[in-house]
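Accompanying notes for the structure given below.
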Protein chains: 2
Amino acid sequence: MVDVATDTRTRIIEATRSRLLADGYAGLSTRKVAEEAGVPLSQLHYHFGSKGALIIALFTEENDRLLERQSRMYAQDKPLWQRYEQACDFLEDDLESGYVRVLQEMLAAGWSNPEIGDVVRDLLTDWYVLLAEVAREAERRFGSLGPFTPEEFATLVANAFIGSEALLLLGFERPVMPIRSALRRIGLLIREREEGADPSVGHQAPPRTPPNRAADGPVVAG
Amino acid sequence: MVDVATDTRTRIIEATRSRLLADGYAGLSTRKVAEEAGVPLSQLHYHFGSKGALIIALFTEENDRLLERQSRMYAQDKPLWQRYEQACDFLEDDLESGYVRVLQEMLAAGWSNPEIGDVVRDLLTDWYVLLAEVAREAERRFGSLGPFTPEEFATLVANAFIGSEALLLLGFERPVMPIRSALRRIGLLIREREEGADPSVGHQAPPRTPPNRAADGPVVAG
DNA sequence: TCCTCTCTCGGTCGGTCGACCGAACTTGCG
DNA sequence: CGCAAGTTCGGTCGACCGACCGAGAGAGGA
């Protein structure tokens with residue numbers, strides 16, 4: 001395997017990602033990918049065998065990057081609410097980078113394509129296992145999470161993120177539906193628990209404003 | 001417009017729905033739809049003009065059915081927690097009927113197709129507006145929803161449902177990720193608030209069991 | 001040197017796609 | 001009856017799809 005200036009295989013993967021962001025999974029074409037990568041069409045099949053294997057290779061690569069960053073983040077020795085806020089910041093980054101779009105396209109493709117479904121299920125399972133462990137740690141450190149088991153709480157937050165991502169990709173505007181601020185508020189909930197503070201006081205807690213007047217940006221972190 | 005035994009237009013719509021459930025939006029083909037409907041291919045374009053207009057007609061029909069049932073349900077004079085549980089029951093029905101799949105395919109298609117995106121955004125906005133009103137009523141009747149505005153709480157629950165649906169469609173198995181029981185627990189939270197009961201006592205509250213041993217079915221209602 | 005393995009290349013296969021056409025059929029009205 | 005509008009029909013257009021082919025370039029070892 002010779003490493004050319006920019007490896008052909010890498011260029012194909014990146015072009016696939018680019019076309020996926022532009023046209024979605026439904027509109028993905030091997031010819032457009034080849035054109036964008038600047039390589040002959042036949043190179044796609046030489047390096048990956050098939051269109052399906054190509055897209056799965058892309059998915060796996062995104063997967064690995066996600067897991068690596070994720071475990072690095074949660075290994076930090078910080079208050080839990082700060083780590084949660086960092087997760088919210090990551091969401092903003094990932095929306096901009098196209099990461100979220102790729103994941104959601106994978107997810108949707110998995111409904112019809114069992115092979116893709118298996119890959120995505122593995123990815124999301126790993127993510128859930130990590131979040132559930134964090135939730136268990138939280139319960140150990142500062143008590144019960146209401147009526148929820150740690151696993152249920154982790155599932156709920158994770159799925160709220162998944163759903164929020166899908167809606168943000170659809171272009172829901174800021175004032176209409178307070179998607180971002182709703183997710184950020186969970187961090188506030190965690191912080192109140194963690195610091196044993198009186199919820200009615202709130203540290204630098206933002207005012208609760210109705211969504212038609214509220215800015216739907218980050219409400220806690222800058 | 002003559003009404004034949006089964007109207008051609010209706011048969012095409014139903015066939016479109018059927019093929020969408022089988023192949024997903026990415027794999028939807030007008031020829032397969034025509035074959036399933038038992039009509040010539042040209043009928044699709046005569047009645048709907050284009051593939052895009054056909055799929056949007058289907059989406060709109062599902063939309064109308066959803067809104068009708070939704071408003072009927074929330075108009076009931078029942079405790080809020082009972083109405084929430086009914087919403088959870090609807091989720092089970094809609095998963096089985098293919099409703100959820102159609103909605104989620106619409107959602108995903110909207111990421112790439114602006115016209116579809118507009119339709120889906122309108123649908124989901126109506127849904128959110130209704131839920132937000134319910135949340136405002138809840139806050140009026142039994143006080144603050146933690147750090148959340150009613151609109152944020154509604155958004156959070158709605159998005160948790162959207163995300164949960166996507167994952168359930170992907171085939172997440174019951175014991176691995178307690179998706180259903182996590183959603184059901186929210187009803188418990190509402191009930192405790194609504195009845196002013198001590199959370200630690202709980203009415204017929206199910207035991208909190210770790211997810212590897214818990215059945216992930218309905219945890220409150222049968 | 002020559003042989004082999006890896007990789008690149010242009011070209012083309014059979015098939016499917018959405019869209020469109022003109023002719024024929026049905027229905028209702030005068 | 002004759003006419004017109006609404007509907008159904010088989011057939012076909014050009015474009016695009018994923019997959020595959022054999023030739024050949026280039027590097028590295030024997």
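The values are calculated or read from the model by the stated rules, or taken from the named source; none is laboratory data. What you are looking at is a predicted structure, and each value in this text was computed from that prediction instead of being measured. No Cβ is skipped: glycine too gets one built from the backbone with ideal geometry, and neighbour counts run over all protein chains shown. SASA here: full protein model, heavy atoms, side chains in, ligands and nucleic acids out. Shrake-Rupley method; radii C 1.70, N 1.55, O 1.52, S 1.80 Å.
Here is how the numbers come out for the structure above:
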{"item": "Copy-to-copy label separations for B:A75, where each label sits 7 Å from Cα toward Cβ, in nm and ascending", "result": "5.8"}
{"item": "Cross-link reach list, lysines versus A:K78, counting only Cα pairs under 17 Å and skipping chain neighbours closer than eight places", "result": "none"}
{"item": "Simple spin-label estimate for B:E137 and A:K78 in nanometres, 7 Å along Cα-Cβ", "result": "4.1 nm"}
{"item": "Residues losing 30 Å² or more accessible surface upon assembly, the stretch A:101-117, compared with the chain by itself, 1.4 Å", "result": "A:R101, A:L107, A:W111, A:S112"}
{"item": "Net charge of neighbours whose Cβ lies under 14 Å from the Cβ of B:G38, counting Lys and Arg as +1 and Asp and Glu as -1", "result": "+1"}
{"item": "Part-to-part distance (alpha-carbon centres) for the stretch A:13-37 and the stretch B:17-93, which is given in Å", "result": "29 Å"}
{"item": "Sites A:S144 and B:S29 - FRET efficiency at Förster radius 60 Å, r taken between beta-carbons, to 0.05", "result": "0.70"}
{"item": "Heavy-atom accessible area per residue - the stretch B:1-49, 1.4 Å, Å²", "result": "59 Å²"}
{"item": "Computed accessible area, A:K51, all protein chains, 1.4 angstrom probe, square angstrom", "result": "90 Å²"}
{"item": "Around A:R141: net Lys/Arg minus Asp/Glu count, Cβ-Cβ under 11 Å", "result": "0"}
{"item": "Theoretical FRET efficiency, 1/(1+(r/R0)^6), r = Cβ-Cβ of B:F90 and B:D64, R0 22 Å, to 0.05", "result": "0.85"}
{"item": "Straight-distance crosslink candidates among lysines, where the alpha carbon sits under 18 Å from B:K32 and sequence neighbours closer than 8 are dropped", "result": "B:K51"}
{"item": "Estimated FRET transfer efficiency (B:K51, A:A53; beta-carbon r; R0 25 Å; 0.05)", "result": "0.35"}
{"item": "Label distances, nm, A:E137 versus same residue in remaining copies, Cβ-directed 7 Å point", "result": "4.2"}
{"item": "Summed side-chain charge close to A:L80 - residues other than A:L80 whose Cβ falls under 9 Å, Lys, Arg +1, Asp, Glu -1", "result": "+3"}
{"item": "Inter-copy spacing of B:G38 label points, which lie 7 Å from Cα along Cα→Cβ, given in nm from shortest upward", "result": "5.7"}
{"item": "Accessible area that becomes buried as B packs against A, both chains, 1.4 Å probe, Å², nearest 100", "result": "4600 Å²"}
{"item": "Kirkwood Rh and Cα Rg combined as Rg over Rh, evaluated for the stretch A:1-49", "result": "0.97"}
{"item": "Shielding score for A:74-82, defined as the mean number of other chain Cβ atoms within 10 Å", "result": "0"}
{"item": "Computed over the stretch B:59-102, the ratio Rg/Rh where both radii use C-alpha atoms and Rh is Kirkwood", "result": "1.01"}
{"item": "Probe 1.4 Å, accessible area per residue of the stretch B:84-133, Å²", "result": "37 Å²"}
{"item": "Which of A:H47, B:H45 is most accessible, then next, and so on - probe 1.4 Å", "result": "B:H45, A:H47"}
